[in-house]
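Note sheet for the following structure.
The values are calculated or read from the model by the stated rules, or taken from the named source; none is laboratory data. Treat the numbers as computed from the prediction; the structure is a model and nothing was measured. FYI the Cβ positions are ideal-geometry reconstructions off the backbone, even for glycines, and counts take in every protein chain you see.
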Amino acid sequence: MKRIFLLWSLIALLVFPSWSEQAKRPLIFHAKFEGAIGPISSKYFTESIRRAEGAGAECLIIELDTPGGLDESMREIIKVILASEIPIVVYVSPRGSRAASAGAFITLAAHVAAMAPSTNIGAAHPVAFGGGKIDSTMGEKVANDAAAYIRTIAEKRGRNADWAEQAVRQSVSLTETQALEEKVVDLIAPSFLALMDSLDGRKVQMPSGERTLSTKNAEVQDIPMGIRYRLLLAVSNPNIAYFLLMIGMLGLYFEFSHPGAILPGVVGAICLILFLFSLQTLSLNVAGLLLILLATVLFIVDIKAPTHGVLTTGGIISMILGSVMLFNAPEPALRVSWSAIIPTVLVVSAFFIFVLAKGLRAQTRKPTTGKPGLVGEIGEARTRIGAEGTVFVSGEHWRAASDSPIEAGEKVRVLSVDRLALKVEKA
């Protein structure tokens with residue numbers, strides 16, 4: 001029996017050698033993030049690192065493309081990276097990506113920093129989030145704190161600490177080739193596969209000691225962002241947040257103008273709550289928000305008390321200015337783009353102008369019911385009309401009188417209505 005077992009074992013090793021090779025393949029986790037650094041990215045990075053640690057992965061590769069973001073979220077991510085039990089590789093990719101502001105801090109904190117061709121890193125000067133301005137004294141304190149923080153990170157990883165400090169104080173940036181020459185990053189990789197080849201055999205310093213990466217023929221396991229994270233990240237996009245604000249205000253306007261509609265009010269309330277959530281990442285300018293609210297008020301007032309379009313014109317100007325000023329951030333990616341502002345302002349303005357035009361037309365339109373609706377109507381004299389007579393108007397017979405005689409069968413025009421009698425003239 002023992003001989004049979006050994007025979008089958010030998011056959012299995014000869015016929016299926018890939019089984020043993022598969023068991024020896026190292027495991028690499030791969031996460032990908034694109035967008036502003038905020039609470040969502042912090043949770044995603046933290047969960048990715050914890051998951052890779054739990055699986056005993058060889059390393060975690062994070063593909064990064066970010067314009068920057070919140071200082072608090074950035075520091076949370078860096079704390080987790082520095083305390084990680086496995087090597088963290090930050091790869092600024094794909095081509096055309098960047099690691100700006102908070103992204104530069106995160107890249108420098110990685111055990112291995114890599115960049116793809118046609119990418120850049122830097123511009124890490126701190127800015128005020130929340131729409132306010134930093135005075136000179138406070139600005140100096142914030143800059144000094146950020147400069148000291150990025151310097152200690154760069155020194156810990158053996159990277160160019162002088163340049164890192166300049167990225168904070170002078171907002172300088174580097175291309176991938178310049179970053180490699182200045183020893184800001186460790187390598188340039190044109191693709192993910194090329195990165196894995198470059199990582200194989202590289203030594204990294206871990207809290208437990210030096211470790212050699214083994215990435216040859218590694219099994220790569222992706223860590224995709226779940227639907228929940230993708231939804232919350234999308235809400236943090238300034239253009240999406242802007243649309244949510246507009247839809248929210250329009251929804252509440254419909255609900256208040258047509259009580260009981262329910263659906264517009266529910267949609268409007270949800271959109272406004274999601275807009276408030278986006279402010280955790282975006283830098284709201286209160287003046288911009290007030291200008292948009294003023295524009296809405298002007299539109300509504302012009303509908304209720306028409307001023308022949310004067311208030312609507314003011315509302316359009318106010319909405320454009322408010323949209324441009326809504327998010328106060330130095331990075332274009334953290335502000336509302338013109339491609340979102342122009343169509344939104346046009347649609348909202350067109351809606352209110354349409355409603356205003358309908359309101360003006362309704363006010364100038366001739367009444368069609370009651371006594372006022374009879375004035376100007378054309379009818380027919382059924383009898384001779386003088387001081388008295390009968391006419392047929394709007395499907396009914398009426399007593400009528402005229403200042404000049406009108407013969408039966410002639411067309412008449414109603415001049416006025418006095419109780420149940422009409423004053424007419426020859427049409």
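Could you tell me whether any residue of the stretch 250-273 is outside any helix (DSSP H, G or I) and under 23 Å from R25 (Cβ atoms)?
Taking the stretch 250-273 first, the residues outside any helix (DSSP H, G or I) are 258-262.
Then drop every residue that is not under 23 Å from R25 (Cβ atoms), which leaves none.
No, that holds for no residue.
Take the stretch 173-190 and flag every residue that is in contact (Cβ under 8 Å) with a residue 24 or more places away in the chain and either of a type outside the set (S, T, Y) or under 15 Å from I28 (Cβ atoms) (or both). Spell out how you get there, then give the answer.
Step one: list which residues in the stretch 173-190 are in contact (Cβ under 8 Å) with a residue 24 or more places away in the chain, which gives 173-176, 179-180, 183-190.
Passing the criteria: L174, E176, A179, L180, K183, V184, V185, D186, L187, I188, A189, P190.
Considering (1) more than 23 Å from the chain's Cα centre (by Cα); (2) more than 20 Å from Q280 (Cβ to Cβ), say which one A123 fails and leave the rest.
So the condition that A123 fails would be (1).
Looking at S171, S214, can you tell me which residue is in a loop (DSSP other than H, G, I, E, B), more than 26 Å from P87 (Cα to Cα) and either of a type in the set (K, R) or in the same structural domain as S48 (by TED's automatic domain parsing) (or both)?
Numbers: S214 fails: more than 26 Å from P87 (Cα to Cα).
The unique qualifying residue is S171.
Give the residue, chosen from E165, E76, E63, that is in a helix (DSSP H, G or I), touching a Lys or Arg at 6+ places or on another chain (Cβ under 6 Å) and in contact (Cβ under 8 Å) with a residue 12 or more places away in the chain.
Numbers: E76 fails: touching a Lys or Arg at 6+ places or on another chain (Cβ under 6 Å); E63 fails: in a helix (DSSP H, G or I).
One residue alone meets the criteria, E165.
In the list I188, I247, which residue meets the criterion of being surrounded by 14 or more Cβ atoms within 10 Å (Cβ to Cβ), touching a Cys at 6+ places or on another chain (Cβ under 7 Å) and of a type outside the set (F, W, Y)? Break it down into steps so the answer makes sense when it comes.
Working: I188 fails: touching a Cys at 6+ places or on another chain (Cβ under 7 Å).
The unique qualifying residue is I247.
Any idea which residue in the stretch 88-143 is nearest to L27 (Cα to Cα), counting only those that are at pLDDT 95 or above and of a type in the set (F, W, Y)?
This residue is Y91.
Search the stretch 388-420 for residues being at pLDDT below 80 and of a type in the set (G, A, S), and hand back the single one that is nearest to L374 (Cα to Cα).
Selected residue: S394.
With (1) under 17 Å from the mean Cα position of the chain (by Cα); (2) within 21 Å of L321 (Cβ to Cβ); (3) among the small types (G, A, S) as the list, and A287 as the residue in question, which single condition is left unmet?
(1)
Looking only at the stretch 315-337, count every residue that is surrounded by fewer than 17 Cβ atoms within 10 Å (Cβ to Cβ) and modelled with pLDDT of 85 or more and tell me the total.
3
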